[in-house]
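Student: Here you go, one structure.
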Amino acid sequence: MRLKGKIAIVTGGGGGLGEGICLCLAREGAQVVVSDLDRQLADTVAVKVGEIGSRSLAIKTDVSREDEVKMLVDQTIQEMGDLDILVCCAGISGYSNREASSILIEDLPVEQWDETFAVNMRGVFLCNRTAAPVFRKKNQGRIINIASIAGRKGSEMLPAYSASKAGVISFTQSMALQMAPHHVNVNAVCPGIIYTPIWERGSQVLAKVHPLFAGSGVGPKEALDMVVQTSIPFKTYQTPEDIGKAVVFLASEEAREITGQALNVCGGMYFS
Ligand code: NAP
């Protein structure tokens, strides 16, 4: 019960990783506000948090909208009484709503670039920006931004996603410096590959347009399995709980001297 009594917001809390993070926080005693674009997904995870014995609240939020993010923080404080931990997990690959024709940069629609940055970067910026005054006033708090191993180095298949996640890592460092005088720790987690809805869609694009697989007849899940086998030294997928446990650690007293860091949870896929 390392987080007993703490109140946490998890954006994208209804998604694959988000659910794992919410449940890990709840198992350590945190009360969890499950925020997601999809209200039904948020409700489902909030019920699961309740079943663990923690108080929960589901809120529909589009993190790319300033008014909705403000409502999320205001409603959390009104209904839960406080805010101690912010986890920014909402994110998109950019391929969610689109057919990809190739990996060439000229085939990346400008709208797809903008959508990716609107959620992955602007969303993190807006959530950090809105929670910062709350934490500053309390002279304590924890912010954990979910970046990605894709933010550590470029990716030929996901240039917009990679750039947005590199931005999250850099922004996390800036926030850590700003918030250090107020005893607020700001860190990022860089997950490797977890088979969630983001990859259910992403693996279809991978199999269809990546030069290694295009036209080979290799199916989406098989293609992703091959990437895991060849690029992750442990040769295994990570799980939502692996990420949830890292978040719990960064939110706990044990991480009191850690700020501005980006923690890779990726089976050795990248060293830094
Ligand atoms: P996911 O299952 O698709 O979860 C993402 C969640 O964010 C979904 O519930 C999605 O709602 C929500 N969302 C999308 N746009 C939003 C918006 N504008 N406002 C609020 N919520 C929004 O994917 P995931 O794998 O759990 O990804 C979670 C985070 O981990 C993302 O930031 C992702 O980049 C990062 N990550 C994932 C992996 C991986 O291998 N899975 C690796 C590295 C990093 P909808 O379902 O309605 O779109």
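The values are calculated or read from the model by the stated rules, or taken from the named source; none is laboratory data. In this text, all values refer to a predicted model and were calculated from it rather than measured experimentally. Here Cβ is always computed from backbone atoms with ideal geometry, including for glycine, and neighbour counts include all displayed protein chains. Surface areas here come from the heavy atoms of the whole protein model, side chains and all, with no ligands, DNA or RNA. Shrake-Rupley method; radii C 1.70, N 1.55, O 1.52, S 1.80 Å.
Student: Treat every Asp and Glu Cβ in the range 25-74 as -1 and every Lys and Arg Cβ as +1, leave all other atoms uncharged, and give the resulting dipole magnitude about the Cα centre to the nearest 20 debye. Walk me through the intermediate numbers first.
Tutor: Numbers: 7 positive and 10 negative charges, 42 e Å.
Result for the range 25-74 is approximately 200 debye, rounded to the nearest 20.
Student: Still on this model: I need the per residue convex hull volume for the range 50-129, using only the alpha carbons, in cubic angstrom as a whole number.
Tutor: 124
Student: Using Cα-Cα distances under 8 Å and only pairs 6 or more residues apart, what relative contact order does the chain have, in percent?
Tutor: On the way: 562 pairs, mean separation 54.5, N = 272.
Averaging sequence separation for qualifying contacts and normalising by length gives 20 percent for the chain.
Student: If each residue of separation counts as 0.36 nm, what is the full-extension length gain between residue 74 and residue 253 once their alpha-carbon separation is subtracted?
Tutor: Result: 61.9 nm gained on full extension.
Student: Related question: Largest first, what is the accessible-area ranking of 210, 182 with a 1.4 Å probe?
Tutor: 182, 210
Student: I've got another one for you. Output ³J(HN,Hα) for the range 99-113: one whole-Hz value per residue in order, computed from phi by the Karplus curve 6.51 cos²θ - 1.76 cosθ + 1.60 with θ = phi - 60°, and x for Gly and Pro.
Tutor: Whole-Hz 3J(HN,Hα) from phi for the range 99-113: 7, 9, 9, 6, 8, 4, 4, 6, 9, 8, x, 4, 4, 5, 4.
Student: Note the full-extension length gain between residue 82 and residue 1 as 0.36 nm times their separation in residues minus their Cα-Cα distance, in nm to one decimal.
Tutor: 27.3 nm
Student: Further question on the same structure: Using a 1.4 angstrom probe and counting only protein chains, how large is the accessible area of residue 263 in Å², to 10?
Tutor: Roll a 1.4 Å probe over it and residue 263 shows about 70 Å².
Student: Still on this model: List the residues, sorted by chain then number, that are 5 or more residues from residue 264 or on another chain and whose placed amide H is less than 5 Å from its amide H.
Tutor: Here the answer is 190, since their amide H atoms fall under 5 Å of that of residue 264.
Student: Still on this model: Quick one: which of 60/235; 60/137; 70/208; 4/70 span more than 30 angstrom between C-alpha atoms?
Tutor: Going by Cα-Cα distance, 60/235; 70/208 fall outside the 30 Å limit.
Student: Starting from the residue with the highest accessible area, list 113, 199 in decreasing order, probe 1.4 Å.
Tutor: Highest to lowest solvent-accessible surface, that is 113, 199.
Student: Related question: How large is the Kirkwood hydrodynamic radius of the chain, counting all unique pairs of alpha carbons, in Å?
Tutor: Result for the chain stands at 18.6 Å.
Student: Something else about it: Taking θ as phi - 60°, what are the ³J(HN,Hα) couplings along the range 183-191 by the Karplus curve (6.51, -1.76, 1.60), each to the nearest whole Hz, with x for Gly and Pro?
Tutor: 6, 10, 8, 10, 9, 10, 10, 10, x
Student: While we're here: Ignoring ligands, DNA and RNA, what percent of the 1.4 Å accessible area of the range 1-138 is carbon and sulfur?
Tutor: Its accessible area is 52 percent carbon and sulfur atoms.
Student: Would you tell me the accessible area of residue 196, worked out with a 1.4 angstrom probe on the heavy atoms of the protein chains, in Å² to the nearest 10?
Tutor: About 10 Å², ignoring ligands and nucleic acids.
Student: Report residue 119's accessible area, 1.4 Å probe, all protein chains in place, as a number in Å² to the nearest 10.
Tutor: 30
Student: Further question: Which ³J(HN,Hα) values in Hz, rounded to whole numbers, follow from the phi angles of the range 16-23 under the Karplus curve 6.51 cos²θ - 1.76 cosθ + 1.60, where θ = phi - 60° and Gly and Pro get x?
Tutor: For the range 16-23, the Karplus curve yields x, 5, x, 4, x, 5, 4, 5 Hz.
Student: How large, in percent, is the carbon and sulfur part of the accessible surface of the range 152-266 at a probe radius of 1.4 Å?
Tutor: 57
Student: While we're here: Given H placed 1.01 Å from N in the peptide plane, which residues other than close sequence neighbours of residue 61 have an amide H under 5 Å from its amide H?
Tutor: Close amide H contacts, sequence-distant or interchain: 36, 37.
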